[in-house]
Each structure stands twice: as C-alpha cells, then as structure tokens.
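The values are calculated or read from the model by the stated rules, or taken from the named source; none is laboratory data. Keep in mind that what you see is a predicted model, and the values were worked out from it rather than measured. Note: accessible area is taken over every heavy atom of the protein model, side chains too, but ligands, DNA and RNA are not part of it. Shrake-Rupley method; radii C 1.70, N 1.55, O 1.52, S 1.80 Å.
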Amino acid sequence: MNWYTTTVDSPCGPLICVVDDDGAVVRIEFGHGRESQKMTDKTPAPGIEVREDADHTAEVRRQLEEYFAGRRQEFDLPLAPRGTPFELSVWEELRRIPFGETRSYADVARALGKPAATRAVGRANGANPIPIVVPCHRVIGSNGSLTGFGGGLAAKARLLELEGRSLPFSA
C-alpha cells in the first residue's frame, strides 16, 4: 500500500496532505504543528510506503486552495481516517458543523447522545487526523474561548477568521 503526500501552502503555514491508493485523504498535518514530523520522519505503519506525488494529491490540494481563497465552504473528498469507533463518530459529527459556525465540546457530546462525554470528545477532537476538512477548529470552549489545536491556537483563530468568525485570541 502507498500513501501519497504533498505540501500545500496556507495562511496557517504549510500543510502536509496524505492520500491513500484510492485517493482518500488519510491525514493533513500542520507543517509547524505538534504532528508535523510523523509523515516525514516515520513510516506510518508496516507495509505502507510514503512518497511525494502531485498527481495523486491534486484533488485535496485543489479543494484546500479553494477553501483558503474563500471559494469553498464544504469539502467533497473521500476520507479514510483511522481511529476508534468513538473517534470516528466524533469526527463525523464535526463534519456536520456548518462553515462559519462553532460548537462547544459539550455541544458535540450532546449531539452524539453522550452528554457526559465532553472530555472524551475533546480527546477525539485532538486526535483528528484530517483537520480543516474535518473541522475540529470549529470546536471551542463552552465559555467561547479558543482551546487546544494541533496547528496552534493562532492557526485555529486564523481558520475561524477565514470563515467569518472573530474570536478573541492573544498569542
């Protein structure tokens, strides 16, 4: 099995995008974020070879560029995230948060029918392997504050600003 990668320039810095043999998005990593060395320094799993390939990654690159240019509000990409059944359910719920809107971790937990699972939702949100496309940046604290984000809080604030939301943030 092969994974194909490319780097996309964005207002949040470089994004490392990874798709599988079928063209499904497996990962998007912030080039300066906490996960940035996973694809470049390690083999993701036995039997998976990672290689640069602009052809295989053309669609994810195109849609991200449209999003950052303000010409796309929803992504239409095949996705292949790897996670637990609970994580997958959280990530699916994140995809239901409309462009330009935010939800709290508690809101997401309630939407899943698990109102006591706020912390578990936070962990799953933080484990999201496909940020931006699976919009974990749209999840904020119950008090309206920005909370942890793999690409950094400045990147989260920038993404929300691109979507027309202005939230307080100080670096």
Helix axis angle, 85-94 relative to the chain longest principal axis, alpha carbon, degrees: 70 degrees
T84, T147, reordered so the largest accessible area comes first (probe 1.4 Å): T84, T147
Roughly how many percent of the accessible protein surface of segment 51-171 is carbon and sulfur, given a 1.4 Å probe and a whole-percent answer? 48 percent
So between A154 and D55, what do we pick up on full extension, going 0.36 nm a residue minus the alpha carbon distance? 32.5 nm
MRE, 222 nm, helices only [DSSP H, n ≥ 4, -39500 (n - 2.57), over the chain, to nearest 500]: -8000 deg cm²/dmol
Rounded to the nearest 10 degrees, the helix 58-68 long axis (Cα) sits at an angle to the longest Cα principal axis of the chain of 30 degrees
Once ligands and nucleic acids are excluded and a 1.4 Å probe is used, how much of C136 is accessible, expressed in Å² to the nearest 10? 10 Å²
How far is helix 153-162 tilted, in degrees, relative to the longest principal axis of the Cα atoms in the chain, given as a value from 0 to 90 rounded to the nearest 10? 90 degrees
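How would segment 103-171 be classified by its alpha-carbon gyration tensor: rounded, prolate or oblate, with rounded meaning a/c under 1.5 and the a/b versus b/c comparison settling the rest? Walk me through the numbers on the way to the answer.
Numbers: a/c = 1.91, a/b = 1.54, b/c = 1.24.
Cα axes put segment 103-171 in the prolate bin.
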